[in-house]
Amino acid sequence: MIKGFKEFIAQGNVIDLAVAVVIGTAFSAVVTAIVESIINPLISLFWKADASGKIGFTIHGLYGDVVFPIGTLITALISFLAIAVVVYFVFVYPMNTFKERRAAKLAAGITDEPEALPTEQELLVQIRDLLEKQKD
């Protein structure tokens with residue numbers, strides 16, 4: 001049971017997921033700050049913000065003006081791309097490199113695991129054989 005758990009953890013899937021969630025959450029605040037302080041002001045050079053501060057296209061509808069918040073969409077896209085780039089280059093790429101090196105070692109016959117110990121039955125057979133030799 002413990003060996004199975006060790007193999008499950010060593011696959012990297014759990015580690016990749018946990019690290020991506022933690023780093024993604026922490027990094028999203030940084031990306032949001034960059035987008036709100038740099039990107040949104042650049043966008044506001046081309047589009048006028050409405051009364052609520054949303055940047056986007058304003059269309060006059062039947063019940064008043066409607067703003068399509070392009071700034072919010074661009075913020076979300078930039079946040080996603082920045083987080084994806086960081087997660088890939090900091091976590092996924094190194095883990096894939098580690099897995100490739102490990103596979104190359106295994107293919108070359110180099111293992112980190114110790115030799116398998118003999119089973120009980122093999123030990124008993126060896127003991128029997130030694131006892132028979134001592135009788136002679």
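A few notes on this one:
- LEU117 vs. criteria without any contact (Cβ under 8 Å) to a residue 24 or more places away in the chain and assigned to a helix (DSSP H, G or I): no
- Of all the numbered requirements in (1) within 19 Å of the chain's Cα centre (by Cα); (2) modelled with pLDDT of 75 or more, GLN11 misses one, and that requirement is (2).
- Lone unmet requirement of (1) under 30 Å from GLY24 (Cβ atoms); (2) at pLDDT below 85 for THR97: (2)
- Taking every residue in the range 97-112 that is aliphatic (A, V, I, L, M) and pairing it with any residue that is assigned to a loop (DSSP other than H, G, I, E, B) and modelled with pLDDT under 85, at least 6 positions away or on another chain, the pairs with Cβ-Cβ distances below 9 Å are ALA104/ILE110.
The values are calculated or read from the model by the stated rules, or taken from the named source; none is laboratory data. Predicted, not measured: the structure shown is a model, and the values here were computed from it. Cβ sites come from the backbone with ideal geometry, for glycine too, and all protein chains shown count toward neighbours.
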